[in-house]
Structure formats: C-alpha cells, structure tokens
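A short write-up of the structure that comes next.
The values are calculated or read from the model by the stated rules, or taken from the named source; none is laboratory data. All values derive from a computational prediction rather than experimental measurement. We place every Cβ from the backbone using ideal geometry, glycine too, and count neighbours over all the protein chains shown.
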2 protein chains.
Amino acid sequence: MAPSHRFSSHPLLRKLDSICTLSDEEKAALLAMPMQVVDLRSHQDIVREGDRPSRSCLLLEGFTCFFKMTGEGRRQIMAFGFPGDIPDLLSLHLDVLDNSLSTITPCKVGFIGHETLRDLCSRFPQIASAFWRDTLIDASIFREWMLNIGQREAYSRLAHLLCEFIVRSQAIGLGHDGTYYAPMTQGELGDAMGISTVHANRVLQGLRGAGLISWRGTQLTVLDWDGLKSAGDFDPTYLHLREQTESLSSLRGPGA
Amino acid sequence: MAPSHRFSSHPLLRKLDSICTLSDEEKAALLAMPMQVVDLRSHQDIVREGDRPSRSCLLLEGFTCFFKMTGEGRRQIMAFGFPGDIPDLLSLHLDVLDNSLSTITPCKVGFIGHETLRDLCSRFPQIASAFWRDTLIDASIFREWMLNIGQREAYSRLAHLLCEFIVRSQAIGLGHDGTYYAPMTQGELGDAMGISTVHANRVLQGLRGAGLISWRGTQLTVLDWDGLKSAGDFDPTYLHLREQTESLSSLRGPGA
DNA sequence: CGGATCGTTGAGTTGTATCAAGACGGGTGG
DNA sequence: CCACCCGTCTTGATACAACTCAACGATCCG
C-alpha cells in the first residue's frame, strides 16, 4: 500500500506524486534531466526581479521564499518553496521575471535549462500537463493568500498560513508526530501575511496561549489540529492535492 | 502599421495579440473552435466554487469578477475579467474549482469544451504555450495584487488598481481620449482591495481631490497619468504585455 | 567573549472598520 | 407621467486592529 517504489525518494517525484500521476517512463525521464547542482547558504538570492533567466531552479533541499518589493521598500513574500518545488518554473514562459527568489535556509538546488524543460514537455505531454498544473496550483495558492491577507484578521491569517505549511509538509513526507521543521523567522512570517514583525509575534503568542501550537526554534508542533483549522478557516481544497483525506487523517492521529 | 488584418476584430485574438505572437493558421484554428454562446445578465454566476466544470468560458463582451468567500462571509475579488479573457481557463487542469466567477455587467460568453481545448493544444503547441503563458500572467497579476493588498496603504492601492485597469483596457483597444469604461461599483472596488466600501469611497475622493482622475457613473477619465502612476507605485512589467511602450505612449498623449 | 540576529514587551499613534443615516439616480408599476 | 423603491454613493462619529518606535532579553556564531 505504501507508495514507495524505486522513484519515491527523489524530492521532485515526491512533490509531483502529491499533485498528479505520472508513468514510470515519465518519472525516469524527469530523473534523467541534466541539471547543475549548487549548494547555497541561507538568505542568498537565486534570481532577482528583472532577470531574464534561461534556466529554472529545482529545489532539492531546503526552503526558499519568492517575494517582491514595494517602491517604499516594503516586502511581500508571495510563496514559500519546499523541497521538490520549482519556484521559478514560470520563467519558462515569462521572459522577464517580476519577482525575486531567495533561500531562507541553506539549500541544494538544481538548475535546469529551459531547452531541457521544453524538450521534455514536447516529448512527454503528461509532463507538460503536470508542470502546467503545478503552476496553476501555485496560482491557486496565491489567490488563497490574497483572501487571507485581504479578508481575515491577523490571528486567523497566521493560523491559516500554518495550516497550509503543515499540509504541504505532510504532502511531501516531512514532519513526524505532529512536529514540523519551520525555519521561517517572525519577520518573514509577517512579510508573508502583510503584518509587522511585532504584530506577528503577538499573534503567534495568541496561538500558543490558545493551546493550538508550540513553536520553539525551528520546531513547530501542532497541539490541536482541529482548533488550528477552525481558527484559520482552513479548507485544503485549494492545494489540489491527490489523496487529501489520507494525508489529513494521518495528521489527526498524532495531532489529537 | 496598424495591426488590423482580418483577425484583429475578435476579442480573443485582440487579447492574445497583446501577450504573444501567433501565426495566421493558429488564429484560424482558434476562431474555428466550436463554442456555445450565451448572453448573461449582470451579477449572475457563471461557475461556482466547488464545481467540476468540463468546459471553460471565453468572455466575448462585458466584464466579470473572479472571487472567493471567507467562512465569515467576506468576499475577496481575485481578478476582473476583460473581453477576450478566459477567466476559468485554469479548470482545464484543475478538476475542482476553488473560486467563483460572476458577471459584473451584462455579458456574452462562449463556453468551450475542455476536449476542444486539449485537442487544440496538442495539435498546435504554440497555442498551448499561449494558454499556459496566459495563466502565468494571471498568476503574476495575483502576486502583484498580494503586494498591493499586503503592503500598500489604501490610497496607493486604489491608484495601482486603476492603473492596471487602464493599461489592460488600453491593451485590448478599449477607451478613447483617456476615458475608459469602468463598470465596477465602489463595493466591488473595496472587495478587490481588501478594504470596506466606505473606505473605498473616501480614498476614491482622495484621488479625485488630487486631480488624478474623474469618475462619473461608468466613465473613468485619467486627468494626470504620471501622477496616478506614481501614487500607485505602478510598474506594468508584471502584466507581461508585448509593445508596452507603444500602448503607454499612446496613453500619455491624451492623458496629459 | 563580543556582535549580530531574532524574539519579546510596552506605550502611543494611525489607518481602517463599523454603524448609521441621508442623498442621489435609474428603473418599474400604477 | 409621476411616485416609489432599491441599489449605490456620500458623510459623520466612534471603535478597534495593527503600526511604529524603542528598548531589552535571548540565542547563536565566530
């Protein structure tokens, strides 16, 4: 029953397995992609707004953030990148990048040339569909963040963000016993939610005080999953995961 | 010099012309798509959150909005749909819809079956790329709205929204002499910016008082384009239009 | 051990929400 | 054709969520 066959250990396939179905031939083709593997320190730029990259970046290990700055120098984080993600896949069809991408932890990334990706898409239409679908899911997450930032108050907003973080971690096999690796600082949390660092701190203490989570260092532990979900008005539909029920039920076990 | 050949009158081609290049053969194939044309009244749902549509909706005439509701009943508008847009193209690769789509004016729409679209994409890779690119531009706009909602104050936020509305209108040939058809109510404006109707009204009067725009009924007139752009911290890069300079210079003419 | 980054707390300020009520305007029915 | 009605726009008063500024404590790392 466990989906552990010879491919499942690679982060890209874990990620793609969580959102679509691919044949072994297609998976083999993905693993055969030539890529330039690079190790990066934390808080280092990968690509910057205004660049015209000819390759995209597959995140093999670590976490990234995708963000954009206001003219007044305020930063909005648009997305967090998890292992297996290709955070700048959009540059395949968008010549000039309108966002920057940085690491938030030390990362191992693989740069894949756009010709390689285009060739793969034309030879394997299912892979093209999977990549397109992946960018559509990213867009769906952007919309949910817009709803979150525009319409929910900060307390609920943070609860929602953490729910998403947990479900996405779970989907690619990260986290044990209701505890997850959460490397973001409170400043990054604030920039992702459109609130100040100070307020992020206060709201976080609200969640702690309500007994929903504990968060020490980079260890985030869910103490009351149902409570967190309802505080965050969270419905995972927008993540468009396969087997949602399975990953969620395995969550409720250790959480409750 | 004018790009008016036999295809340019159709809204879909005007839209696609603004973001990519297609051959005459591809354009002919697009125009030959079978579609079910329907007239809709204003403020009518087209598809709802939770639907599993087997077709997408090409907007031939009128304006739509794409939105999502909070558990507490607050609405966030994610995007406005212009003539030529396919606001729910994403349903081609996302089984269950996580947003609702409604008209905001009377509309003429053409429903196109997903098999038709898939067939077209497999026969004409350039069309597949154009559609994929279109959804990526939508995502880019979502990100800019996140930045707008999360990091800019209401006055600047509204100025930015109007700048985008004007440039997008301009890109598909709507508007004359700095005047544009803007059918949104102040309530819809507020829901798009994450502020209340009352505050949308006050901020709008701020823009009027600063001499940047006039807006009576559905007629929005730009009085000071450079002023509006700088109030909104607006840079159109994220719209990924072809020939940006051309459409913007023609704007400055009647505007100033 | 010193310095930098991150987390935490307090006090005062400001942007925006809510509630309420009136004015305007366009459509419909008597 | 007028009267009415409903949705939208507008304005005022009050309340609150979140911001800024500032300072201090806790870590971590070199």
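Step by step: first the residues of the range A:204-217, then only those that are in contact (Cβ under 8 Å) with a residue 40 or more places away in the chain and touching a Phe, Trp or Tyr at 6+ places or on another chain (Cβ under 8 Å), then the one that is nearest to DNA strand D (Cβ to nearest atom). Which residue is that? Applying the filter and picking the extreme gives A:Gly206. For the criterion of being more than 9 Å from DNA strand D (Cβ to nearest atom) and outside any helix (DSSP H, G or I), A:Leu220 passes. Answer yes if at least one residue in the range A:62-69 is surrounded by fewer than 18 Cβ atoms within 10 Å (Cβ to Cβ) and either modelled with pLDDT of 95 or more or farther than 23 Å from B:Arg143 by Cα (or both), and no otherwise. Taking every residue of the range A:62-69 in turn, at least one turns out to be surrounded by fewer than 18 Cβ atoms within 10 Å (Cβ to Cβ) and either modelled with pLDDT of 95 or more or farther than 23 Å from B:Arg143 by Cα (or both). Scanning the range B:163-189 for residues that are away from DNA strand C (no atom under 16 Å from the Cβ) and part of a helix (DSSP H, G or I) yields B:Cys163, B:Glu164, B:Phe165, B:Ile166, B:Val167, B:Arg168, B:Ser169, B:Gln170, B:Ala171. Whether a residue is within 14 Å of chain A (Cβ to nearest Cβ) and under 22 Å from A:Asp235 (Cα atoms) was assessed, and B:His114 does not pass this test. For A:Leu94, work out the one condition from (1) touching a His at 6+ places or on another chain (Cβ under 7 Å); (2) outside any helix (DSSP H, G or I); (3) more than 16 Å from A:Val47 (Cα to Cα) it doesn't fulfil. Failing condition for A:Leu94: (3).
When A:Ala231 is tested against (1) buried (at least 19 other Cβ atoms within 10 Å of the Cβ); (2) more than 14 Å from chain B (Cβ to nearest Cβ), exactly one condition is not met: (2). Of all residues in the range B:138-158, those being in a helix (DSSP H, G or I) and at the interface with another protein chain (Cβ under 7 Å from one of its Cβ atoms) number 11. The test for being of a type outside the set (A, V, I, L, M), in a helix (DSSP H, G or I) and not assigned by TED's automatic domain parsing to the domain that holds A:Glu61 does not hold for A:Cys121.
For the range A:117-134, state whether one or more residues are facing chain B (nearest Cβ under 7 Å), within 24 Å of B:Leu241 (Cα to Cα) and not charged (D, E, K, R). Yes, that holds for at least one residue. Annotation: A:Trp132 fulfils all but one of (1) among the aromatic types (Phe, Trp, Tyr); (2) more than 27 Å from A:Ser56 (Cβ to Cβ); (3) away from DNA strand D (no atom under 16 Å from the Cβ); the unmet one is (2). Filtering the range B:190-207 to residues that are within 11 Å of DNA strand C (Cβ to nearest atom) and either surrounded by fewer than 19 Cβ atoms within 10 Å (Cβ to Cβ) or assigned to a helix (DSSP H, G or I) (or both) leaves B:Gly190, B:Asp191, B:Met193, B:Ser196, B:Thr197, B:Val198, B:His199, B:Ala200, B:Asn201, B:Arg202, B:Val203, B:Gly206. Taken as a whole, the range B:75-83 holds at least one residue that is part of a loop (DSSP other than H, G, I, E, B) and either surrounded by fewer than 21 Cβ atoms within 10 Å (Cβ to Cβ) or more than 9 Å from chain A (Cβ to nearest Cβ) (or both).
Scan the range A:8-45 residue by residue and report those that are surrounded by fewer than 13 Cβ atoms within 10 Å (Cβ to Cβ) and in a strand (DSSP E or B). Listed by number, the residues that qualify are A:Gln36, A:Val37, A:Asp39, A:Asp45. The residue that is nearest to the other protein chains (Cβ to nearest Cβ), among those in the range B:181-209 that are of a type in the set (D, E, K, R) and over 16 Å from B:Leu220 (Cβ atoms), is B:Asp191.
Can you tell me which residue is farthest from the chain's Cα centre (by Cα) among those in the range A:175-203 that are more than 14 Å from DNA strand D (Cβ to nearest atom) and over 17 Å from A:Thr105 (Cα atoms)? Among those residues, the one meeting the criterion is A:Asp177. Checking A:Asp45, A:Asp98, A:Asp39 one by one, the residue that is within 12 Å of chain B (Cβ to nearest Cβ), over 27 Å from A:Gln126 (Cα atoms), of a type in the set (D, E, K, R) and touching a strand residue (DSSP E or B) at 6+ places or on another chain (Cβ under 8 Å) is A:Asp98 and no other. Among all residues of the range B:159-171, there is none that is at negative phi and facing chain A (nearest Cβ under 9 Å). Within the range A:54-74, being aliphatic (A, V, I, L, M) and within 14 Å of chain B (Cβ to nearest Cβ) holds for one residue alone: A:Met69. Look at the range B:143-158: where a residue is free of Cβ contacts under 8 Å to residues at least 12 places away in the same chain and a partner is assigned to a helix (DSSP H, G or I) and away from DNA strand C (no atom under 11 Å from the Cβ), sitting 6+ places away or on another chain with Cβ atoms under 6 Å, you get B:Met146/A:Trp145; B:Met146/A:Met146; B:Gly150/A:Ile149.
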